[in-house]
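The block underneath contains the structure these notes are about, expressed in structure tokens.
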Amino acid sequence: MKLVLLGPVGSGKGTQAGIISREYNLPHISTGEIFRNNIKNETELGKIAKSYIDKGELVPEELTNKLVEDRLKSDDCKNGFILDGYPRNLAQAKFLEGITDIDLALMIDLSEDKIIERLSSRRMCGSCNQPTSLEWMKEGKCEKCGGDVYIRDDDKPEVIKVRLSKQAVSQDVINFYKEKGVFSKIDATDTVEDTYALVKAILNQVNND
């Protein structure tokens with residue numbers, strides 16, 4: 001299965017991608033992972049990408065497309081893959097269509113209020129650097145080591161709203177996959193397990209078609 005996963009920041013998309021990867025034996029591919037691996041292995045494309053990243057600049061779309069294309073040619077993608085965070089716009093969706101067919105574009109959605117509630121409850125321990133949550137903490141301290149916790153700047157509600165506006169799923173991409181007849185959407189639930197049950201039902205339906 002060739003799967004594109006869509007969804008806003010905080011929807012749990014990455015968590016679901018990890019479960020799908022294990023259950024269906026498919027590589028979980030993100031552009032961040034592609035950049036890191038190419039830079040680490042000092043490939044020619046990786047060196048070019050690093051030159052932009054080191055200057056704090058965005059990697060040009062043409063280079064991102066080429067890196068994705070090369071990744072999808074890897075042996076572990078022969079039976080399918082999960083693309084997470086790509087395509088981000090209509091041009092990338094059209095480029096992807098030109099190099100491979102997509103079986104399903106699945107959007108894992110969550111309301112802005114729920115996302116803000118979920119992300120703003122996250123905390124970091126200043127002692128052991130363990131991520132935690134208000135619901136896990138013990139008497140306001142890290143449940144692992146008892147250290148003091150703090151909220152990261154990017155987990156503050158006002159910052160989350162800005163992130164959501166800048167990283168919203170492109171409606172053009174959604175419409176593109178709707179027109180192809182491969183778009184589905186689920187609303188994330190409060191639990192990972194219940195959300196995955198909804199995801200699995202759709203995946204099994206696509207596999208059986």
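Tell me, what is the FRET efficiency for residue 133 and residue 194 to the nearest 0.05, using R0 = 25 angstrom and their Cβ-Cβ distance as r?
Numbers: r = 18 Å, r/R0 = 0.72.
It comes to 0.90.
Might you report the magnitude of the Cβ-based charge dipole of the chain about its Cα centre, with Lys and Arg at +1 and Asp and Glu at -1, to the nearest 20 debye? Can you show the working numbers first?
Details: 30 positive and 35 negative charges, 70 e Å.
That gives a dipole near 340 debye.
How many percent of all Cα-Cα pairs in region 1-49 sit more than 17 Å apart?
For region 1-49, the share of Cα pairs beyond 17 Å comes to 47 percent.
Please give the charge dipole size of region 1-68, origin at the Cα centre, charges +1 on K and R Cβ atoms and -1 on D and E Cβ atoms. Round to the nearest 20 debye.
It works out to roughly 160 debye.
Using the Cα centre of region 49-165 as the reference point, and only Cβ charges (+1 on K/R, -1 on D/E), how large is the resulting charge dipole? Debye, rounded to the nearest 20.
Working: 19 positive and 24 negative charges, 71 e Å.
Taking the Cα centre of region 49-165 as origin, the dipole is about 340 debye.
In the chain, with Lys and Arg counted as +1 and Asp and Glu as -1 at Cβ, which of these residues, 17, 198, 175, has the Cα nearest the positive end of the dipole, that is, farthest along it?
17
Just for the chain, what percent of DSSP beta bridges are antiparallel, to the closest 5? Walk me through the intermediate numbers first.
Values: 6 of 22 bridges.
Counting only bridges with both partners in the chain, antiparallel ones make up about 25 percent.
Distance check, please: which entries in 13/94; 2/185; 94/200; 114/138 exceed 20 angstrom between their Cα atoms?
Over 20 Å apart, Cα to Cα: 13/94; 94/200; 114/138.
Quick check of the Kirkwood formula: for region 75-193, what is the inverse mean of 1/r over all pairs of different Cα atoms, in Å? Write down the numbers at each step before the final one.
Numbers: mean 1/r = 0.0583 Å⁻¹.
The Cα-based Kirkwood calculation yields 17.1 Å.
Report in % the part of the accessible area of region 52-201 that belongs to carbon and sulfur, leaving out ligands and nucleic acids; probe 1.4 Å. Don't skip to the answer; put the middle values down first.
Numbers: 4170 of 8870 Å².
Its accessible area is 47 percent carbon and sulfur atoms.
The values are calculated or read from the model by the stated rules, or taken from the named source; none is laboratory data. Worth saying up front: this structure is predicted, and the values here are computed from it rather than measured. Cβ coordinates were reconstructed from backbone atoms using ideal geometry, including for glycine residues, and neighbour counts include every protein chain displayed. Note: accessible area is taken over every heavy atom of the protein model, side chains too, but ligands, DNA and RNA are not part of it. Shrake-Rupley method; radii C 1.70, N 1.55, O 1.52, S 1.80 Å.
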